[in-house]
Amino acid sequence: MPSSNPNHRLADAAGSPCKAGIDDLALLGGRRLFAEPKPIGQLDAPAVEDYLATLKEAYDARHLANNGPIVVKLEQKLARLHGVRHCVALANAGLGLTMLMQLFAGGRQGEVILPAFSYRGLPHFCLWAGQTPRFCDVDARTHFLDAHSVESAISGKTTSILAVSNFNDAGDIESICEVGRRHGVPVFVDSVYAVGATRNGRMLGSFARAEVYSLHATKLLNGFEGGYVTTDDDDLDQLLRWQRNFALPGLKPACAGTSPVLGLNAKLNEFHAALAMHSVDRLEGIVARNRARYDAYREGLAPVPGLGLLAYAAGERANYQMAVLEVRPEWPLTRDQTVALLRAEGAAISAYYSPPLHRSEHSPAGVTTPPLPVAEALARNYVQLPVGELVTLQDVGSICDLLAFVDRHGVAIAGRLAGAGGA
């Protein structure tokens with residue numbers, strides 16, 4: 001359903017030419033294209049009256065945490081969305097990833113295999129779980145873990161395999177799960193950017209031992225903050241529920257056995273769950289508006305040589321929550337110059353998954369990784385573009401016009417940036 005906030009409605013007007021000459025570029029001292037920064041997050045929200053009406057049930061009962069009524073309903077709603085038996089709501093997705101790493105390790109200090117071309121927080125979650133990241137290469141098209149790279153990385157130290165389903169393509173989850181089965185290593189998936197997407201026509205949620213999703217305000221489903229784990233594993237469901245509530249001795253499930261489980265306070269509260277309930281109900285409208293923005297970028301950039309949008313998987317359901325620009329060799333600026341130029345104009349963007357994790361400050365000291373040519377090449381090529389409910393179709397048109405202007409005056413702009421010591 002469309003947002004009730006007029007600022008969230010997609011405008012119909014196309015962007016108009018925005019720069020008369022290269023001196024008008026903000027990076028060269030001109031006026032910014034956008035007075036207010038245009039973000040890369042979703043930031044969808046219902047009318048505040050609707051949110052408060054949902055929250056009232058828990059507020060009146062003073063049951064605001066500890067598996068409150070709204071959290072229970074949210075878990076049931078999300079389990080139906082993903083077609084799984086269990087959904088465990090958590091305070092955030094990072095806790096879900098950390099908890100699963102700790103559970104799968106069974107008290108051992110070892111290695112978690114994960115992609116090098118991915119979110120910068122992943123190595124930190126490994127360390128919190130007492131594990132070391134082992135970085136692997138990815139598929140050039142889907143950016144999902146490469147099965148051959150994973151196979152070669154497995155050793156007696158491997159405690160789990162963390163795959164990442166990206167926004168553009170869920171990836172070959174089945175092959176990674178088969179590698180895990182052959183070696184007796186649990187596989188789980190960070191599907192934060194792929195919520196609502198399908199793989200071979202089947203909704204993500206139950207392909208691996210567990211899948212992790214986010215309810216952060218910048219993600220497709222907005223709960224202010226939060227996350228959840230989906231699984232069809234009954235024992236894992238019980239362990240996660242016990243773990244998120246301090247792993248209190250009196251509540252220990254029979255399936256816990258003797259393996260050490262580190263408890264923590266990872267419970268989702270009712271304030272966050274109430275907003276997330278509305279977000280799930282609004283999902284269809286959010287995706288439709290995302291698709292309109294993505295299509296506007298695709299059409300607006302089609303005449304611009306040297307640039308292209310990362311395509312979504314053909315024949316699959318997608319959420320269209322991200323628009324990622326590929327900077328090709330024929331583009332007159334470097335990828336980093338392009339990022340600097342757009343940021344100066346008020347586009348609150350960044351390079352996409354750059355640098356790769358094994359070449360970044362997020363790789364722990366002492367971790368050695370062989371060359372990963374695909375991840376290293378991909379990390380040089382992509383830029384995130386503004387998306388979400390604070391970006392209108394007119395904004396998209398203006399960005400496309402700006403990039404077309406840069407294409408027409410690329411040699412002069414590159415020369416000016418080089419002379420000024422630009423990025």
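The values are calculated or read from the model by the stated rules, or taken from the named source; none is laboratory data. Since this is a predicted model, take the numbers as computed values, not measurements. We place every Cβ from the backbone using ideal geometry, glycine too, and count neighbours over all the protein chains shown. Accessible surface areas use protein heavy atoms only, side chains included; no ligands, DNA or RNA. Shrake-Rupley method; radii C 1.70, N 1.55, O 1.52, S 1.80 Å.
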Subject >> Cross-chain or 6+ apart pairs with Cβ under 8 Å, the stretch 46-75 first and over 14 Å from HIS272 (Cα atoms), then exposed (fewer than 15 other Cβ atoms within 10 Å of the Cβ) >> reply: ALA47/SER4; ALA47/ASN5; ALA61/PRO69
Subject >> Count - residues of the stretch 151-162 that are part of a strand (DSSP E or B) and either in contact with an Asp or Glu (Cβ under 6 Å, 6 or more places away or on another chain) or among the hydrophobic types (A, V, I, L, M, F, W, C) (or both) >> reply: 3
**OP:** Please work out if ASN245 is among the polar types (S, T, N, Q), under 30 Å from PHE224 (Cβ atoms), open to solvent by 20 Å² or more (accessible area, probe 1.4 Å) and in contact (Cβ under 8 Å) with a residue 40 or more places away in the chain.
**Re:** yes
Original post:
Is at least one residue of the stretch 135-150 hydrophobic (A, V, I, L, M, F, W, C), open to solvent by less than 10 Å² (accessible area, probe 1.4 Å), without any contact (Cβ under 8 Å) to a residue 40 or more places away in the chain and assigned to a loop (DSSP other than H, G, I, E, B)?
Top reply: yes
Subject >> Matching entry among PRO305, PRO370, PRO364 (being surrounded by fewer than 16 Cβ atoms within 10 Å (Cβ to Cβ), within 30 Å of LEU28 (Cβ to Cβ) and at pLDDT below 95) >> reply: PRO305
**OP:** Please work out which residue is farthest from the chain's Cα centre (by Cα), limiting yourself to the stretch 329-374 and to residues that are assigned to a helix (DSSP H, G or I) and over 28 Å from LYS38 (Cα atoms).
**Re:** PRO373
Original post:
Which residues, counting only those in the stretch 104-123, are in contact with a Leu (Cβ under 8 Å, 6 or more places away or on another chain) and open to solvent by 30 Å² or more (accessible area, probe 1.4 Å)?
Top reply: ARG120
**OP:** List the number of the failed condition for PHE34; all other conditions in (1) buried (at least 22 other Cβ atoms within 10 Å of the Cβ); (2) in contact (Cβ under 8 Å) with a residue 40 or more places away in the chain hold.
**Re:** (1)
